[in-house]
Amino acid sequence: MTPTLSFDEAVTFLKKFVKYSEVKNQKHIDLSLCLAGDRIIGQNALLVTRMAVVKGVVTEDQLKEKLGIA
């Protein structure tokens, strides 16, 4: 079972997988960059950060800024 990450831990984990997309000057999170064993942690981190937005802990724009994709 994967341990639950805190919001800050999830953001820190996901920041390692931010890359530029095919669209000029646009970034996204690419979990294909992480090792196979870390993929489930990445998926968990995505869930943690999305739930923070849904629950109103942070806004979508604040999350994007924290991840470096704004």
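The values are calculated or read from the model by the stated rules, or taken from the named source; none is laboratory data. Note that this is a predicted model, so its numbers are computed, not measured. Every residue, glycine among them, receives a Cβ derived from its backbone with ideal geometry; neighbour counts consider all protein chains shown.
In table form, for the structure just shown:
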read-out	value
A10 vs. criteria modelled with pLDDT of 95 or more and in contact with a helix residue (DSSP H, G or I) (Cβ under 8 Å, 6 or more places away or on another chain)	yes
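Let's see how each residue does on (1) of a type in the set (K, R); (2) surrounded by 11 or more Cβ atoms within 10 Å (Cβ to Cβ); (3) touching a strand residue (DSSP E or B) at 6+ places or on another chain (Cβ under 8 Å):
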{"residue": "K24", "(1), (2), (3)": "yes, no, no"}
{"residue": "D38", "(1), (2), (3)": "no, yes, no"}
{"residue": "A52", "(1), (2), (3)": "no, yes, no"}
{"residue": "G56", "(1), (2), (3)": "no, no, no"}
{"residue": "D61", "(1), (2), (3)": "no, no, no"}
